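Here is the structure we will look at.
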Amino acid sequence: MVTLLNDTLCDEPDMDGFVTLVYGVLTAEGRFTYASAGHETPILCREDGSIEMLRPTGLILGAVPEQSYGEAAVTLHSGDGLLLFTDGLSEARSPSGDFLDMEGLAPMVADCRRAGTGDFANALLERVSAFADGDLSDDVAMLWIERCPAREPALSTR
């Protein structure tokens, strides 16, 4: 699908620019299969607090005709979380002009995850906004997916 989208965009005469994306399917068993095209790398937060950057699977869309795109997969176990986001988050700038980048974002993600406030996205947005002294000049969008612990089936007695 991503390869077809790329070819379609490359064939579009009015295309002026490029597109990035992460396309994923999450199953009930916690398997997340995805393809990416130049978009910010999703961050997987394991329940034990470790962080994994998901690997990119392809270049931006609309730039290189007949480009092939792969897919990758990870499993979210009980208590794991996955952050998908736009570059407005990772490209936040400090007042001195330094980019937050993935190297700065990953520890913030880990800290917010460990804090366990229950509102991960807002906690992370507050941390990034503080880094940028309240001036987030690019759009910021986040999707936080957390796999809830499995529940034991309810027992009924008669």
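All of the numbers you see were taken from the coordinates with simple rules; none came from a lab. This one's a predicted model, so the numbers in the text were calculated from it and none came from an experiment. Cβ placement follows ideal geometry from the backbone for every residue including glycine, while neighbour counts extend to all protein chains displayed.
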task = For the stretch 1-81, give the share of DSSP beta bridges that are antiparallel, in percent and rounded to the nearest 5; count only bridges with both residues there.
result = 95
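Quote the charge dipole size of the chain about the Cα centre in Debye, to the nearest 20; the model charges only the Cβ of Lys and Arg (+1) and of Asp and Glu (-1).
980
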key: the chain: most fluctuating residue of ASP135, ASP14, ASP111 per GNM, C-alpha cutoff 10 Å   = ASP14
note = Other residues with Cβ under 13 Å from the Cβ of GLY49 give, with Lys and Arg +1 and Asp and Glu -1, a net charge of -2
query = Taking the chain as a Gaussian network, where each spring joins two C-alpha atoms under 10 Å apart, which residue of MET15, MET102, MET53 fluctuates the most?
reply = MET15
inquiry  = Nearest 500 deg cm²/dmol is fine: what mean residue ellipticity at 222 nm does the chain get from its DSSP H runs of n ≥ 4 alone, each adding -39,500 (n - 2.57), divided by its residue count?
reply    = -7500 deg cm²/dmol
ask   = So which GluC sites (Glu not before Pro) in the stretch 37-69 pass both tests, a DSSP loop state and at most 14 other Cβ atoms within 10 Å of the Cβ?
value = GLU66
Antiparallel DSSP beta bridges within the chain, percent to nearest 5 = 95
ask   = Between ALA130, ALA141, ALA28, which gets the highest mean-square fluctuation from a Gaussian network model of the chain, Cα cutoff 10 Å?
value = ALA28
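Counting Lys +1, Arg +1, Asp -1, Glu -1, what net charge surrounds VAL140 among other residues with beta carbon under 10 Å of its beta carbon?
-4
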message = Relative contact order for the stretch 85-143: what percent, with Cα pairs under 8 Å and sequence separation of 6 or more?
response = 53
Normalised contact order of the chain, rounded percent, pairs of Cα under 8 Å and 6 or more residues apart = 23
query = Among ARG55, ARG114, ARG46, which comes first, then next, by fewest other beta-carbon atoms within 10 Å?
reply = ARG114, ARG55, ARG46
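Taking the beta-carbon count within 10 Å as an exposure proxy, list THR41, THR8 from fewest neighbours to most. Working shown, then result.
Working: THR41 18, THR8 12.
Lowest to highest Cβ neighbour count: THR8, THR41.
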